Amino acid sequence: MGELWRNISEREQRLLVVGALFIVAALIYALVAHPLLVNYARYGRDIKKKELLLSWMRSSALEAKKLMATGNGEVVVTTGSPLGLIDRTSRRFALATALKRVEPVDNDGVKVWLEGASFTEIISWARVLDRKYAVRIDAAYFDTPQEPGHMNARLTFRRRGL
């Protein structure tokens, strides 16, 4: 290799060194700098979205606390199926279109899947079920909303003992 290097002219040697430096610089940019810059910009956008989501969630939490604090204490105990109660009450809260699946859990429980439901409506609905029908959320899972104020949710309701 050394003999090959000595056999080429000084001008060609400089050209090869400059070309090698250019290739090394291009590789560093392509493999390190560019991905860092792209991810930095993307994470900046993600942070702004998450901050908007956090502020919305905080305001919704305040609204939910206000809704949960108000109540007339009147409990209507129903002897019918919890499935029927969920179906009936979901229509009153404009959740019927968001209601994708309902299935019984034991004798006193119901699992509910909602897609694209209004968070405020879910909280209002849960409040009425708890205050008026003695049916409480036993477990809840909320997906990150696609649009502010709407989300996918999986809820498990159970009758509470009176």
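Mind listing whichever residues of region 1-15 are aliphatic (A, V, I, L, M) and open to solvent by 100 Å² or more (accessible area, probe 1.4 Å)?
MET1, LEU4, LEU15
Inside region 83-104, can you point out the residues that are among the aliphatic types (A, V, I, L, M) and free of Cβ contacts under 8 Å to residues at least 40 places away in the same chain? Break it down into steps so the answer makes sense when it comes.
If we filter region 83-104 for residues that are among the aliphatic types (A, V, I, L, M), which is where we start, we get 83, 85-86, 94-96, 98-99, 102.
LEU83, ALA94, LEU95, ALA96, ALA98, LEU99, VAL102 - these are the residues of region 83-104 that are among the aliphatic types (A, V, I, L, M) and free of Cβ contacts under 8 Å to residues at least 40 places away in the same chain.
Filter region 108-120 down to residues that are touching a strand residue (DSSP E or B) at 6+ places or on another chain (Cβ under 9 Å) and open to solvent by 10 Å² or more (accessible area, probe 1.4 Å), then give me how many there are.
Counting residues in region 108-120 that are touching a strand residue (DSSP E or B) at 6+ places or on another chain (Cβ under 9 Å) and open to solvent by 10 Å² or more (accessible area, probe 1.4 Å) gives 7.
The values are calculated or read from the model by the stated rules, or taken from the named source; none is laboratory data. Predicted model, so just to flag it, every value in this text is computed and none were measured. Positions of Cβ are generated from backbone atoms using ideal geometry, with glycine treated the same way; all protein chains shown enter the neighbour counts. For accessibility, only protein heavy atoms count, side chains too; no ligands or nucleic acids. Shrake-Rupley method; radii C 1.70, N 1.55, O 1.52, S 1.80 Å.
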